[in-house]
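**Q** Handing you a structure now.
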Amino acid sequence: MSFTVGMISLGCAKNLVDAEIMLGQLDRAGFRITNRPEEAHILIVNTCGFITPAKEESINQILEMARYKKNGCCRVLLAAGCLAQRYARELLAEMPELDGLMGTGAVPRVVDVVMRALAGQRVMAVGEPGYACDSPLPRLLATPGHTAYVKIAEGCSNRCAYCAIPAIRGPYRSRPMESIREEVVQLAARGVKEVVLVAQDTTWYGLDLYRERRLASLLRSLAGISGIHWIRLLYGHPDGFTGELVDVLAAEEKVCRYIDLPLQHVSRPVLARMGRSGNGERFGQLIDGLRRAIPGLTLRTTFMVGFPGETEEDFRQLLDFVAAVRFERAGVFKFCPEEGTPAATMPRQVPEEVKEERYRQVMLLQQQISLEHNRSLVGRQVTVLVEGQKDHLYFGRREADAPEVDGKVFFTAGDNIIAPGDFVQVRISRAGEYDLMGELA
């Protein structure tokens, strides 16, 4: 009998890469792949365990997929990923619906785990977190065919007080540069035009493996690959922007003028309690330097409000910084105490209603800033990577827009036939807080 596998992947892009690798190995082993859970004999939920809402979503998704044991073809239901890594024994004890678990280190062994589960074993393949990826593994892309995420490292060694990722994914482990380049060459041969480099901290790349930061060298190497048009960098750390890296970001045409720079906060006392360095003055100097060196740069950041001990003065510093720096993109989230992290038991926890109000204020300010940035584009012509069509409108992204987290450009094209993956010129006619409207130039 030929078995069919369905996969639901939750959480971040790094988790999605793991899901794609699992699907690629299952496909190579002869399993059929479906995106219809009612057709699947094996269902795998690739879970997220980063914060409480993500854990709750993962549990709910497992329970939702368990319905297909009664109402579908499902014979085996597995949980993989971060939640399975962190709470393996609890999940097996409390969720009889599950036929097995795979931790973050079991990704390369997915075929063996599935076969054992089909044979009737209740598998717990959970050991050391994360896995080495010294050579490219087979992948089935879950993204549009013209865009792919590429994981350049696994784990994290930063030890921020609020974050459980080092416990879930292990310490930082860079992939060899040759392995990453080989994978991107393969992706380009499959028609991928945009690669998005991800890791818990992309700017740390190389420190463990080569004893020096090698992200700039990696970008230069990847920029030489034929067929790749955009190389996008996510999850940079403010301590990691060396002069060499900035020079590469400014000079290499294929490297997007887009920096994802999660700052988390700007108050020195708050950052110190978080286990992070820096302050608003230092971050402002870094950002001024980046904008001078890289004309047309788009900056995305992430801030956390309501961290234990955050005072009104701390929050006012953050709000003033957002107003002064005027990031093109910014995400905001409320501190959520994560079990097993130092921040979860810190004194002076901020009440939920205060977190909510601070979140609201930053979001409202950033929405206005984003709208003003977008309105400045009206009348201008921009390059758009086409992603698809909805009704009479095409849509896509600019160099300034990362997949999933940023806005889109919607445009009309008259009688022109345009395909996903095409690069086109669009004249912007209208602007919203996040999305743009225009017509084919």
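Read the figures in this text as sums done on the coordinates, not as results from a lab. For clarity, every value in this text was computed on a predicted model and none was experimentally measured. Backbone-built Cβ (ideal geometry, glycine too); neighbour counts: all protein chains shown.
**Q** Return the sequence-ordered ³J(HN,Hα) values of segment 368-385 in whole Hz as given by the Karplus equation 6.51 cos²θ - 1.76 cosθ + 1.60 applied to θ = phi - 60°, using x for Gly and Pro.
**A** 5, 4, 4, 4, 5, 4, 5, 5, 5, 8, 4, x, 8, 9, 10, 8, 10, 8
**Q** Moving on to the next point. Between 429, 394, 405, whose Cα lies farthest towards the positive end of the dipole of segment 381-440 when Lys and Arg beta carbons carry +1 and Asp and Glu beta carbons carry -1, centred on the Cα centre?
**A** 429
**Q** So how do 398, 190 line up by other beta-carbon neighbours within 10 Å, fewest first?
**A** 190, 398
**Q** Please grab the % of Cα pairs in segment 1-144 that end up more than 27 Å from each other.
**A** Of all Cα-Cα distances in segment 1-144, 10 percent exceed 27 Å.
**Q** Kindly state, as a whole number, the per residue volume in cubic angstrom of the convex hull around the alpha carbon atoms of segment 133-203.
**A** 102 Å³
**Q** Taking amide H positions as placed 1.01 Å from N in the peptide plane, with prolines and chain starts having none, which residues 5 or more places from residue 200, or on another chain, fall under 5 Å of its amide H?
**A** HN-HN under 5 Å from residue 200: 155.
**Q** Another question about this same structure. Give me, ordered by chain and number, the residues 5 or more places off residue 3 or on other chains with an amide H under 5 Å from its own placed amide H.
**A** Amide H to amide H, under 5 Å and 5 or more residues apart or across chains, residue 3 pairs with 32.
**Q** Give the relative contact order (percent, whole number) for the chain; include only Cα pairs under 8 Å separated by 6+ residues.
**A** On the way: 905 pairs, mean separation 41.7, N = 441.
So the answer I get is 9 percent.
**Q** Any idea what diffusion coefficient segment 288-441 gets from Stokes-Einstein, in µm²/s, Kirkwood Rh on alpha carbon pairs, 4 °C, 1.567 mPa s?
**A** So the translational diffusion coefficient is about 73 µm²/s.
**Q** Another question, if that's okay. Non-local amide H neighbours of residue 298 (under 5 Å, H modeled in plane, Pro and chain starts lacking H): which ones?
**A** Sorted by chain and number, the residues that satisfy this are 258, 259.
**Q** When a/c reaches 1.5 or more, the comparison of a/b and b/c decides; with that in mind, is segment 47-126 rounded, prolate or oblate per its Cα gyration tensor?
**A** oblate
**Q** Taking the Cβ of each residue in 41, 265, 373, 392 as the centre, tally the other Cβ atoms inside 10 Å and list the residues starting with the fewest.
**A** The fewest-first ordering by Cβ neighbours comes to 392, 373, 41, 265.
**Q** Sorted from largest down, give the three principal axis spans of the alpha carbons of segment 381-440, whole angstrom values.
**A** Here the spans come out as 29, 22, 21 Å, largest first.
**Q** Residue by residue, what Karplus-based ³J(HN,Hα) values in Hz, rounded to whole numbers, does segment 147-153 have, using 6.51, -1.76 and 1.60 with θ = phi - 60° and x for Gly and Pro?
**A** Calculated HN-Hα couplings, in order: 10, 9, 7, 10, 7, 9, 7 Hz.
**Q** Tell me, what is a quarter of the convex hull surface for the C-alpha atoms of the chain, in nm² with one decimal?
**A** 21.8 nm²
**Q** Let me ask something else. Before rounding to the nearest 500, sum -39500 (n - 2.57) across all DSSP H runs of length at least 4 in the chain and divide by the residue total; then give [θ] at 222 nm in deg cm²/dmol. Present the calculation step by step, with values, prior to reporting the outcome.
**A** On the way: 14 runs with 151 residues, N = 441.
Mean residue ellipticity, 222 nm, calculated: -10500 deg cm²/dmol.
**Q** As a test, work out the antiparallel percent of DSSP beta bridges whose residues both lie in the chain, rounded to the nearest 5.
**A** Among the beta bridges of the chain, antiparallel pairing accounts for roughly 30 percent.
**Q** Using the 10 angstrom Cβ neighbour count as an exposure proxy, how do 305, 424 rank, fewest first?
**A** By the 10 Å Cβ count, ascending: 424, 305.
**Q** Would you work out which of 68, 349, 307 lies farthest towards the positive end of the dipole of the chain? Charges go on Cβ: Lys and Arg +1, Asp and Glu -1.
**A** 68
**Q** Something else about it: Got a sec to turn the phi values of segment 177-189 into Karplus ³J(HN,Hα) couplings, 6.51 cos²θ - 1.76 cosθ + 1.60 with θ = phi - 60°, whole Hz, x for Gly and Pro?
**A** 4, 5, 5, 5, 4, 4, 5, 5, 4, 4, 5, 4, 5
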